[in-house]
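Below is one structure, written out as structure tokens; comments come after it.
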Amino acid sequence: MAAAPPALRRLLLFSLLLLASVAAAAEGEEEEEFTEELLLRPLPDRKALAHFHFRSSAPPSAAAGRHHHVFPKAIAQLVQQFHISELELSFTQGRWNYEQWGGYDPMSTNYAKPPGVELWAAFDLPLDEIDATWKNLTHTLSGLFCASINFLESSTAFSAPRWGFKLNEDNLRYGALPREAVCTENLTPWLKLLPCRDKAGIASLLYRPSIYKGYYHSQKLKLTSSQSFGIIIDQTLTVVLQPDNFRGQQLHSTDGQLQPSWSMKDLFNRKLSGKCRVSKSSRVFLEIEKDIVDKSGTEVSWTNELFVLSTAPDRVLKELNNMDAQSSSLYEYDVSNYNNDKPLDVGITWKLPLIWSCTPAPYHANRFLMGSGNERGSIALSFRSTNLHKQLFGNSNDCSIKAVVFQVVPWYVKVYYHSLQIFIDGNSKAISELVDKIHVTPSEDKHLPGTLEMLLRLPCSMESATLSLDFDKGFLHIDEYPPDANQGFDIPSALVTFPEFNSSRSYPETDTLSVSRLLQTFKEDGVVKSYTEVLLVPLTTPDFSMPYNVITFTCTVLALYFGSLLNALRRRIGEEERELKKAATKRGLIPLLIAKLRGKKVDPPPQGSSPTSLLSTKLLLKVVFVVVVAVSFHYLSNS
């Protein structure tokens with residue numbers, strides 16, 4: 001058999017390579033995934049919670065410049081350049097209400113964030129390169145999300161927690177900007193990371209006026225990277241809104257008041273017309289708390305004596321193998337079944353007044369300042385028991401509950417950690433009785449913030465506890481004050497973690513081919529966490545108007561002095577006299593003619609005063625005035 005000519009062999013080889021590249025590209029396109037989900041939940045205080053969840057994933061790749069079909073290229077470059085293993089960035093406006101909206105569920109544990117900007121990142125780098133990489137990362141994120149994250153580059157703005165925030169190998173850095181404002185400039189670049197942006201799919205519900213008028217708004221980006229599963233990015237947006245439309249008749253009852261009926265049209269001013277074309281799955285969930293389900297008297301029904309849903313759900317999911325304290329039901333809607341002709345408008349209409357409550361955290365944590373004046377003060381952290389342990393573990397009071405406190409304090413708030421005092425139900429207790437573990441990183445002036453990590457063991461029988469720390473207020477250089485220094489200085493929120501309480505929830509999977517990423521995050525072990533308030537500390541501020549006053553007063557005196565002196569030195573007396581005589585002559589012709597016409601007698605001008613004498617007197621008075629002002633200013637400045 002004759003061998004094929006060389007040209008034919010080259011053509012066959014080229015065709016094989018082309019087919020292999022196309023197959024590899026098609027395989028990569030199938031591996032990259034994007035899912036979108038929305039969770040709606042009525043809240044006890046007549047508000048509604050909306051949680052948007054978008055996940056994009058890219059498989060591991062050895063090539064540095066691979067082509068991405070769905071996954072955002074900017075995030076992939078970020079991971080490769082800075083060697084990030086984990087990263088979380090949140091922009092939050094408002095504070096999560098742990099008493100009304102819950103504190104013992106995956107939503108409050110994973111998506112309730114402190115006001116302002118919070119950023120933490122774990123790096124896969126040697127320890128001596130982490131700080132420099134962190135600084136470059138803050139500048140990159142600042143440009144990517146149009147925010148002031150670059151202020152976290154300073155060593156006074158970030159810390160390196162050991163175990164109080166998240167267990168790590170000293171490769172984690174944490175920073176917060178409590179006063180950072182959140183607006184559409186941050187939401188727009190966040191939406192650009194989605195393959196359909198806000199033009200299609202669930203993201204099309206993000207109507208800006210509706211989103212930013214809510215009581216709570218938090219957008220988050222969480223990134224995880226490894227060589228085994230590649231890069232996964234979770235983009236979430238959590239908002240608490242007040243429904244505008246009160247459909248139905250308002251009922252009055254001693255048992256409660258009628259909850260506002262609402263739908264997606266009422267909350268976002270638009271309906272859902274379909275899914276994003278590249279999304280693997282698109283779902284909407286409506287969550288009903290267990291207290292409501294129990295009071296309805298029916299087994300997980302979407303229409304009952306208490307409420308009715310606007311659209312029949314595709315599936316109903318009941319929480320599995322969980323304690324009664326955190327059970328709930330989910331009504332699932334598949335967005336792929338809806339389009340422009342048949343839009344989806346999920347809503348709930350209440351029939352009867354109802355009162356219910358969300359499960360709180362084991363303790364309500366609050367933080368406040370004590371003391372007065374601009375010299376010293378105290379930081380107090382209080383715990384109030386919610387008796388959750390009685391629902392979970394029985395009425396035994398011999399047990400104890402662990403609580404981890406993590407707090408970062410700026411360097412100009414000089415905390416005396418040896419002044420720690422703990423009060424249980426108003427009685428002072430020894431530190432060794434309640435503190436199992438403590439780690440303190442003292443602050444350094446203009447170099448490092450102070451960090452406190454403390455493990456407490458609180459008795460179950462207590463009703464309240466208070467921790468206090470004394471501090472002195474430092475002095476800043478005038479260049480270190482912000483433009484609104486008289487407003488005060490912010491201390492970031494403290495984080496309280498309860499490691500013995502897990503807020504995970506498990507739901508049955510009805511579709512094994514398309515697993516819900518949102519329900520997967522609910523299954524993950526989530527330790528119950530609570531963020532405290534941001535503290536506003538007033539510091540001694542200089543009189544910023546004093547330099548302005550001195551400059552304006554000095555310039556005014558110098559202008560008067562040199563202006564009058566130059567005027568006196570450059571004036572020509574003879575020429576001015578001639579000009580005055582000409583002006584007097586011109587001014588006298590018209591009155592003389594009028595007097596002649598009227599037949600009146602014209603008196604000659606008086607001879608006693610001359611323009612020269614008047615001019616000399618005025619000049620002398622000006623020179624004397626300037627001299628007096630100059631001498632007075634010289635005397636006052638020297639004294």
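Show me, for region 445-460, the HN-Hα J-couplings you get by feeding each phi into the Karplus relation (A = 6.51, B = -1.76, C = 1.60, θ = phi - 60°), rounded to Hz, glycine and proline as x. After applying 6.51 cos²θ - 1.76 cosθ + 1.60, I find 4, 6, 9, 9, x, x, 10, 10, 10, 9, 9, 9, 10, 9, x, 5 Hz.
Using only the C-alpha atoms, the convex hull of region 135-179 corresponds to 85 Å³ per residue. Per the Cα gyration tensor, region 95-188 maps to an equivalent ellipsoid with semi-axes of 25, 19, 10 Å, ordered largest to smallest.
Residues in region 191-201 carry Karplus couplings, in order, of 6, 5, 6, 7, x, 9, 6, 10, 8, 8, x Hz; the curve used is 6.51 cos²θ - 1.76 cosθ + 1.60 with θ = phi - 60°, and Gly or Pro positions show x.
Calculated FRET efficiency, residue 463 to residue 436, Cβ-Cβ distance, R0 = 25 Å: about 0.75 to the nearest 0.05. Full extension of the chain between residue 629 and residue 506 gives 35.8 nm of extra length, using 0.36 nm per residue less the Cα-Cα distance. Cross-linked pairs 113/271; 213/271; 192/280; 192/220; 135/523: Cα-Cα separations exceed 24 Å for 113/271; 135/523.
Of the GluC sites (Glu not before Pro) found in region 111-173, those that fall in a DSSP loop while having at most 11 other beta-carbon atoms within 10 Å are 169.
Stretching residue 83 away from residue 566 to a fully extended chain increases their span by 167.0 nm, per 0.36 nm per residue minus the current alpha-carbon distance. Can you compute the label reach from residue 544? Point 7 Å from Cα along the Cβ direction, backbone N cut-off under 20 Å, restricted to region 464-499. It comes to 474-491, nothing else. Note on residue 515 and residue 132: their simple-model spin labels are 4.1 nm apart, each label 7 Å out from Cα toward Cβ. Ranked from largest, the principal axis spans of the Cα set of region 363-503 equal 58, 31, 25 Å.
On the basis of the beta-carbon distance and an R0 of 56 Å, residue 226 and residue 369 show a calculated FRET efficiency of 0.85. Of the whole protein surface, residue 578 contributes about 140 Å² of accessible area at a 1.4 Å probe radius.
Using Cβ point charges alone (K and R +1, D and E -1), the dipole size of region 363-503 about the Cα centre works out to roughly 400 debye. Note on region 339-420: Cα-only Rg and Dmax are 22.6, 68 Å. Modelled this way, with points 7 Å down the Cα-to-C-beta line, the labels at residue 472 and residue 66 are 5.7 nm from one another. With R₀ set to 51 Å, the beta-carbon distance separating residue 390 from residue 416 gives a calculated FRET efficiency near 0.85. Computed from label points 7 Å out along Cα-Cβ, the spacing between residue 181 and residue 579 is 5.4 nm. The slack between residue 487 and residue 536, meaning 0.36 nm per residue of separation minus the straight C-alpha distance, is 16.8 nm. In the complete set of protein chains, residue-level accessible area for residue 244 is approximately 100 Å², probe 1.4 angstrom.
The values are calculated or read from the model by the stated rules, or taken from the named source; none is laboratory data. Computed from a prediction, not measured in an experiment: that's the story for all the values here. Here the Cβ is made from the backbone with ideal geometry for all residues, glycine too, and neighbour counts use every protein chain on show. Just the protein is used for accessible areas: all its heavy atoms, side chains included, with ligands, DNA and RNA removed. Shrake-Rupley method; radii C 1.70, N 1.55, O 1.52, S 1.80 Å.
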